[in-house]
1. Nearest 0.05, what FRET efficiency do Ile93 and Ala136 give at R0 = 45 Å with Cβ-Cβ as r?
2. For the pair Arg104 and Thr85, how long in nm is the line joining their label points, each one 7 Å along Cα→Cβ?
3. Taking the simple approach of a point 7 Å from Cα along Cα-to-Cβ for both Glu63 and Ala45, what is their distance in nm?
Amino acid sequence: MPENDNPTPGNPSDSDALGDAGKAALAAERKRANEAEKANKDLAAQLKAIEDADKSDLDKANERIKTLEGENATLTTDLGKADLTITKLNVGIAEGLPANLIARLQGTDEDTFKTDAASLKELIPGDTPQSPFPKADPSQGPKDKTGITSNAAAFAEQLGDF
């Protein structure tokens, strides 16, 4: 006796075992489920409209106030975070910290950021260049022994008076 007498819809080998009648029944059931879900959504929307119609203007206004207060709290929190980030950046720049250390500043206000920046600044060696690029080394590169300053001049000199 086979272990699995009931075919499952997701298994491709089982859909072959269903035959045409089984496939048609499965498609009809899926269509019915989709229609039932759509009808459920429509009825939920109608119920919400009926509930809103029963509410007084005061209830509607109170609900709107709650929504706006929640949005206001979210925006206030976001603004506070942005202000704190701006303060951190300003203090880091004012203290002369490298960009990679400004993000490491910790604190809750300008004074604590300044204190942290001062402690970080003590850890930076004094001769650390601010530029991420090394300074030019004049001992490197080709040496100008002939006084020729360009390739065109060097070419003209090689040709001479042709």
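1. Numbers: r = 27 Å, r/R0 = 0.59.
Once rounded, the FRET efficiency stands at 0.95.
2. Label-label distance for Arg104 and Thr85, simple model: 2.1 nm.
3. About 1.6 nm, to one decimal.
Throughout, read-outs are computed from the coordinates displayed, never taken from laboratory work. Given the structure is predicted, the values throughout are model-derived calculations rather than measurements. In this analysis, Cβ positions are derived from the backbone assuming ideal geometry, glycine residues included, and neighbour counts consider all displayed protein chains.
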